[in-house]
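Structure first, commentary second.
The values are calculated or read from the model by the stated rules, or taken from the named source; none is laboratory data. Bear in mind that the values here come from a model prediction, so they are computed numbers and not experimental data. Heads up, the Cβs are rebuilt from the backbone with ideal geometry, glycines too, and the neighbour counts pull from every protein chain shown. Heads up: the accessible areas ignore ligands, DNA and RNA and are worked out on the full protein's heavy atoms, side chains in. Shrake-Rupley method; radii C 1.70, N 1.55, O 1.52, S 1.80 Å.
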Amino acid sequence: MIKFNHLNIHSNNAVMKFANVFRPLFVFCILASWFFSGSVSQAQNIVTSPEQFFGFQMGEDQKLAHWDKIVKYFYMLENESERLKVVNMGPSAEGHPFLVLYISSPENISNLKRLQMINKSISDPRGIDETTIDQYIQEGKAVICQSMSLHASEVGGTQMTPELTYDLLSRNDEETLRILDNVIFVMVPCLNPDGQVMITDWYRETVGTEYEGLSMPYLYHKYSGHDNNRDGDYHNLQESKYMAKVMFVDWLPQAYIDHHQMGSYGARFYVPPYCDPIRPYADPLVWREISWYGAHIAYKLEEQGFQGVLNAAQFAGWGHFGWHWITPFHNIAGMLTESAGVRLASPVYIHPEQLRASSRAFPDYEAQSTFPNPWPGGWWRLRDIVGQKKSSAWSLLDLAARNKETVLRTAYLKAKNQTERGAEGDIKTVIIPKDQHDYLTSIKMINTLLRSGIEIKKARTDFTVEGMKYAQGSYVISLAQPKMGLIRNLLTETHYADNSWTRREDGTPIYPYDLATHTMFEFMGVRVDAKSVDVEEDFTILGEHELRTGTLEEGAEGFIIDGRLNNSYKAVNLLMAKGVKVLRLDKNFNSFRPGDFIFNKAASKDISEVARETGVDFMPLDDFPQDAVHEVNLGRLGLFQRYDGGNMDEGWTRLCLENFSFPYFSLMSQEVKKGNLNRKCDVIILPDDSPERIKGIYTSSSRRTPEKYPEKYKSGIGKEGVEELKEFVKNGGTLVVLGSSYKFVVEEFGLKIRNVAEGLGSKELFCPGSTIKVSFDNTHPLAYGMPDEGLVLFRSSPVFEIIPSRTNKNYETIVRYKDKNLLKSGWLIGEKKIAKKPAMITTSYGRGKIVIIGFRTQYRNQTDGTFKLLFNAILK
């Protein structure tokens, strides 16, 4: 009914007669206006539904929408609605489009550039007066980012996005319009497009067969598999580079959720907040925000009838540095959801007695304040997951829209607080000196930090701080900036919490969710000096990534390059691929060191190109070091690869090799079994793995039972493959063994080595991903280019002891743990158990050799400081 009381029409007769005459016309005009404006609005919001486009409801049993078609759907919606902007960031690792969707009101979409400027100003308010900030808070919009299905087998997130997008584009109710008016929703509908394609293709291949719902037999990302959620700091993967650009540089959202799935037999849905412990150096407001958002999400789920919702348990606030756990240190309320999983798109039936609780703040599968409504069991379907995901995603947008000013004010306060803490803290400045063991790796680290939006300055002139001289070109990072917490975690010594949150009642330490430290400079072998004073000198703020072109200066005997540089190995590989002869220095010679590489003058044209590409300086060699060199031969390299779900360490090793231009081929189990390995390769790498998975032989004492896959995906070298590997080494081959694979080699090759850590309880020895001090024998070719002392990443690694025998002379220790004060960053219990013990050993075996590296030398392509130990093992 239309009321006219507000027209204030007087009741005298003349006026009433006038009104009675024109009232029908007036009503008609109002109705016409309402009708036409409404119909135009409705016409703008007539968009194609997911069911119409895909032919089934999202989450339907045994149905998965393929990424290629999902991409087409989003582009179609962009043409149908002014509320959506689709941006293709570029190709993924295997060439699929990486999309970012911007969803908001048409007015906001047309004004994104200004709103982006406002958002950046609120997120870094240095130099902006409070009056302007107040104006920006009124004018600005809350920026909310959510990403889906980073782990490709966790299909629910991406399958949900067409529905969520459709609802936001088609609905015109008050709640939806408030979201569109007050929020810029930045959605990444699939953070792993390649994996989505692989998983969908695999599921469609097996649906309706005995293999339906099995996990895929190979990695669901070309390089990382599940580990793609451990790349929020280094951005080694192409998809991570896109994500970092969106979240850490371009937009800096106020809140972020990464939507995941977990095991099938616990709570149905984990939502924020995290439980304890929490990692230090985030602004306290971040943790309060996460609780605030999480409470609203949990409430809405209960209101809508979802059962089995858990929060403030299972997932601790101190986790890895993937996307949802690193974002709090960017002043973003970074959050996680985890739905109970199904068998890809196939439902599961769960009996009540099969339901279990988890260890952290969720001791029993019974009602508690953070789990008030347990799910009783029964059928669990992908459609249930889609519903959960959509509800939680919507609730985050809803709360931000209802409290836009509070959200933006909090963003400003976090940035201001962190900047003040950095200015007043015990460490005010960190300096990355120009003088480095491997200065090109320090530049690589600087560029990585720039991708995280950290402000970095470069010295135009020499300067002195606290009595220490620093050269022009050194880098300086002030902690008086909004991302102070990120800087403290990446660039200063850190220690994992050792308290009641991290130990059980009997004192047993609880393993962290990932590593005990993520100190980038220690992993990469870069010197960083922490200073307790502000440093104000002649500096320039870096606006772009540092690019370095190597120099070329010819000597009478050719050229020489520094073997301490990781990039020198890339230069060697590129030049050897062009047929250039390479020599390596074996002794100190003039100012040069063992491990430096030598080239003759005839290769100057090729060298010039390589110097530009790698940044390596080719220095003049005026005297030739007679009897102090050997020729470098790049052996044919086979990298062992298996099925049985794939091996993440193998994938990261591939990426590491490719980044430094090492040619290799993947050596599958069947190829090993065929034998004649010496005809195919000179070096074989066994990535970190268990003996059972290498051999494909399991016993009753094995920790896991392998899945049954189609014959073409059968994995394991078997007994015959073991014998072929032995023959390969006996006949002159080199076997490089990483991490846990040591056990396979020791057992099968009968080596006189034992792991002194085996059998020790965690109260006796515990080191869950920490940097540990070692000595390198850099006079040995396997450690050429390494410093005398340094750090390695120890993650429950084997610690060696050479068993006394008649073959003692065949064994050499390349890396050895220091005698005391071993821990640099992380957590170490039982230092005496590993002090002075070998960490890397080589031994002869027949005419060949075996190189065993116990610590994580190329872990996730992050430990640049120890890459050379692997590279040296490959070069002949």
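If R0 is taken as 30 Å, the Cβ-Cβ distance between residue 66 and residue 351 corresponds to a FRET efficiency of 0.35. When a/c reaches 1.5 or more, the comparison of a/b and b/c decides; with that in mind, is segment 832-876 rounded, prolate or oblate per its Cα gyration tensor? Note, shape of segment 832-876 comes out oblate. Reported value for segment 400-447: 106 Å³ per residue, from the convex hull of its C-alpha atoms. Using only the Cα atoms of segment 770-826, each taken as one equal point scatterer with no solvent, compute I(q) by the Debye sum, divide by I(0), and report log10 of the ratio at q = 0.14 Å⁻¹. Log10 of I(q)/I(0), two decimals: -0.45.
Largest accessible area first, the listed residues 771, 209 line up as 209, 771 when surface is computed with a 1.4 Å probe on the assembled protein chains.
Report the semi-axes of the equivalent ellipsoid for segment 164-285 in whole Å, largest first, where each axis is √(5λ) for an eigenvalue λ of the Cα gyration tensor. Intermediate values should be presented prior to the final figure.
Numbers: eigenvalues 170, 100, 64 Å².
Taking √(5λ) for each eigenvalue gives 29, 22, 18 Å, largest first.
What accessible surface, in Å², does a 1.4 Å probe find on residue 777, ignoring ligands, DNA and RNA and rounding to the nearest 10? Estimated to the nearest 10 Å², residue 777 gives 60 Å².
Of all beta bridges DSSP finds with both residues in the chain, what is the antiparallel percent, to the nearest 5? Close to 65 percent.
Projected label points at residue 708 and residue 813, each 7 Å from Cα along the beta carbon direction, are separated by 4.9 nanometres.
Where does the chain land on the Kirkwood hydrodynamic radius, alpha-carbon pairs, in angstrom?
29.9
Taking 16 Å as the straight-line reach from the Cα of residue 832, the lysines in range (excluding those fewer than 8 positions away in the same chain) are 763, 773, 818, 820, 824.
Solvent exposure of residue 171, expressed as accessible area, is near 80 Å², computed with a probe of 1.4 Å over the protein chains only.
Overall shape: prolate for segment 448-529, with the ratio a/c of the largest to smallest alpha carbon gyration tensor axis at 1.5 or above and a/b above b/c.
Across the protein chains, with a 1.4 Å probe defining accessible surface, the residues 174, 302, 154, 493 rank 174, 493, 302, 154 from largest area downward. Axis of helix 284-303 versus longest Cα principal axis of the chain: the two differ by about 60°, to the nearest ten degrees.
Each of 437, 66, 235 has its accessible area taken with a 1.4 Å probe; listed largest first, they run 437, 66, 235. Note that the chain presents 40 Å² accessible area per residue, ligands and nucleic acids not counted, probe 1.4 Å. Only Cα pairs under 8 Å and 6+ residues apart enter the sum, and on that basis the relative contact order of the chain stands at 10 percent.
For segment 706-864, what relative contact order do you get, as a whole percent, if you take Cα pairs closer than 8 Å and at least 6 residues apart? Taking the mean separation of contacting Cα pairs over the length of segment 706-864, I get 31 percent. Model label sites at residue 551 and residue 402, defined 7 Å from Cα along the beta-carbon direction, differ in position by 6.4 nm.
A Förster radius of 60 Å combined with the Cβ-Cβ distance from residue 731 to residue 212 puts the calculated FRET efficiency at roughly 0.85.
Here the Karplus relation 6.51 cos²θ - 1.76 cosθ + 1.60, evaluated at θ = phi - 60°, turns the backbone of segment 354-368 into coupling constants of 8, 6, 10, 8, 10, 7, 8, 6, 8, x, 9, 7, 9, 4, 8 Hz, with x for every Gly and Pro. With all protein chains in place and a 1.4 Å probe, the accessible surface of the chain carries 49 percent carbon and sulfur.
A probe of 1.4 angstrom, applied to the heavy atoms of all protein chains, finds residue 630 with accessible area near 60 square angstrom.
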